[in-house]
1. Quick check on packing: order 44-54, 59-69 by the mean number of other C-beta atoms within 10 Å, highest mean leading.
2. Size of the dipole of the chain about the Cα centre, Lys and Arg at +1 and Asp and Glu at -1 on the beta carbon, nothing else charged, in debye to 20?
3. For the chain, with the dipole built from +1 on Lys and Arg beta-carbon atoms and -1 on Asp and Glu ones, taken about the Cα centre, which of TRP83, VAL15, ALA33 lies farthest toward the positive end?
4. Just add up the charged neighbours of ALA40: K/R +1, D/E -1, any other residue whose Cβ is under 12 Å from the Cβ of ALA40.
5. Work out from phi, with θ = phi - 60° and the Karplus expression 6.51 cos²θ - 1.76 cosθ + 1.60, the ³J(HN,Hα) of each residue of the range 2-18, listed in order in whole Hz, and give x for Gly and Pro.
6. Could you please state how large a percent of the accessible area of the chain is carbon and sulfur, counting protein chains only and using a 1.4 Å probe?
7. Below 8 Å, C-alpha to C-alpha, sequence gap of six or more: please give me the relative contact order for the chain in percent.
8. Just to confirm, what accessible area per residue do you get for the chain at 1.4 Å probe, in whole Å²?
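The values are calculated or read from the model by the stated rules, or taken from the named source; none is laboratory data. Just so you know, these numbers come straight off a predicted model, no measurement behind them. So basically every Cβ, Gly included, is an ideal-geometry build from the backbone, and we count neighbours across all protein chains shown. Only protein heavy atoms, including side chains, enter the accessible area calculation; ligands, DNA and RNA are left aside. Shrake-Rupley method; radii C 1.70, N 1.55, O 1.52, S 1.80 Å.
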Amino acid sequence: MDIPLTFRWVFAALVVLQLVALVPVLRRLRDPAPERRTEARLRLLDAAGSVTFLAGFALDHPALVLSGLVCVGAVYAAKGVLWYRARERT
């Protein structure tokens, strides 16, 4: 991948912003309600996949980009299954 240096800095800044956004997610992991903890775990995995994806672009490492996409795709599939199950219950 041939990404200009300025865009790499943009991706690095997005990684930092994503890491800052993890603080409220980590606080939600201690919630007593189990369904909120499950949602917080999925958000944590989504954020970790996004950080991996963006770091792969910033570091020009295609394996990190691919692993981040796979992680985010798996999280969205799990969220879709949970949404579908909740919709069938009502």
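1. Values: 44-54: 19.5, 59-69: 14.5.
In descending order of packing, they fall as 44-54, 59-69.
2. Details: 12 positive and 7 negative charges, 110 e Å.
Computed about the Cα centre, the dipole is about 520 debye.
3. So the residue furthest toward the plus end is ALA33.
4. Details: positive: ARG27, ARG28, ARG30, ARG36, ARG37, ARG41, ARG43; negative: ASP31, GLU35, GLU39, ASP46.
With Lys, Arg at +1 and Asp, Glu at -1, the neighbours total +3.
5. 10, 9, x, 4, 5, 5, 5, 5, 5, 5, 5, 5, 5, 4, 5, 5, 5
6. Values: 4410 of 6500 Å².
Of all accessible area on the chain, carbon and sulfur atoms account for 68 percent.
7. Numbers: 83 pairs, mean separation 25.6, N = 90.
Contact order relative to length: 28 percent.
8. On the way: 6500 Å² over 90 residues.
So the chain comes to 72 Å² accessible per residue, rounded to a whole number.
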